[in-house]
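The values are calculated or read from the model by the stated rules, or taken from the named source; none is laboratory data. Quick caveat, the model's predicted, so the values are computed rather than measured. Reconstructed Cβ throughout: ideal geometry from the backbone, glycine too, with neighbour counts over all protein chains shown. Note: areas computed on protein heavy atoms with side chains; ligands, DNA, RNA excluded. Shrake-Rupley method; radii C 1.70, N 1.55, O 1.52, S 1.80 Å.
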Amino acid sequence: MNSALPRHKNHPDQPQPIKPRRMAFDMSELNEKFFFRGNPILSTFLYALSASFPDGERFFIDAVRHYQKDLKDPVLISQVRGFIGQEAHHAHIHDHFNERAETLGMAMTEVQGIFKKRIMMVQKRLSPADQLAITSAIEHITATVAQWTLENSESELTRGDNSPLREMLLWHAMEEIEHKAVAFDVFRQTVNNETLRIRWAKVVFRIFWVQMARAQCVLLWRDRSLPSLQHVREAWQFMWGENGMRRWARPELDKYLYKGFHPSDIDQSHLLEGWHESHPEVAALQIA
Ligand SMILES: [Fe+2]
Ligand SMILES: [Fe+2]
């Protein structure tokens, strides 16, 4: 039994079922363009992430769905259903958030269009096995960033943030950790090619951050916003300072590059246990 994935309450030998939570976020709470500490770089990083989610998550669903019919393991089959439900809901909520951000002047439609084009190219040119390997690698990025987000939710995400994005990110982070192994397990039970998995991860771990930076540049350029030196310093500290997001994430991402790795080797279950109590502000927004 692998202890690193959350266990079923009544059947501790089985993983916790993956269930989408329906959430009611009030997007009108986003009323300040640079909501994240008033910093255009940090705010556009979160806007860029959000712009990538809707089509990105629909891409993950398609990549996994392609292999759904080949699965034999009933636990994984049910986890795939939960994964699809969660990602579809994430896409839907981030669509709403992105629409709201557009009304504040952010060029979200344009940036989403750029992501969409790239995704369509990948779907047209790469095999289903490549697409699933890419999905599994990005899921490792999201689970890693999710861990950092939840572990730093008080110190990093609350300061100067008056938008629904904080609750949205915490909810999204929890569900990303919950389903972190699904695409990986589908890959292992169908394609099962460690060389291909690792080769794509090396590419994805580089390209991901470049794509985010490009999206940020478009958003800043269209807004005619020039960050100050203080903004640059603060953003650098956020990413690369002591316990900075990217500095912390780098060795965590690298764990994926070893043969024989499984996402449950990284124990994140403590972040999900009792989340209703640790994040009552998020729990209050759950409607089903
Ligand atoms: Fe997601
Ligand atoms: Fe995901």
Completion exercise
Scanning the stretch 236-264 for residues that are in contact (Cβ under 8 Å) with a residue 24 or more places away in the chain, assigned to a helix (DSSP H, G or I) and open to solvent by less than 50 Å² (accessible area, probe 1.4 Å) gives PHE238, MET245, ALA249, GLU252, LEU253, TYR256, LEU257, PRO263, SER264
Handout entry: GLU167, sole failed condition from (1) at pLDDT below 95; (2) assigned to a helix (DSSP H, G or I); (3) open to solvent by less than 30 Å² (accessible area, probe 1.4 Å)
Key = (3)
Practice task
Kindly list the number of the only condition in (1) buried (at least 17 other Cβ atoms within 10 Å of the Cβ); (2) farther than 18 Å from VAL218 by Cα; (3) within 16 Å of ligand 2 (Cβ to nearest atom) that fails for SER50.
Solution key: (2)
Problem - Selection from the stretch 173-199 of residues that are open to solvent by 20 Å² or more (accessible area, probe 1.4 Å) and either outside any helix (DSSP H, G or I) or within 16 Å of ligand 2 (Cβ to nearest atom) (or both) - result: GLU178, ASP185, VAL191, ASN192, ASN193
Practice task
Take LEU30 and decide whether it is open to solvent by less than 30 Å² (accessible area, probe 1.4 Å), in contact with a Pro (Cβ under 7 Å, 6 or more places away or on another chain) and either at pLDDT 90 or above or among the hydrophobic types (A, V, I, L, M, F, W, C) (or both).
Solution key: yes
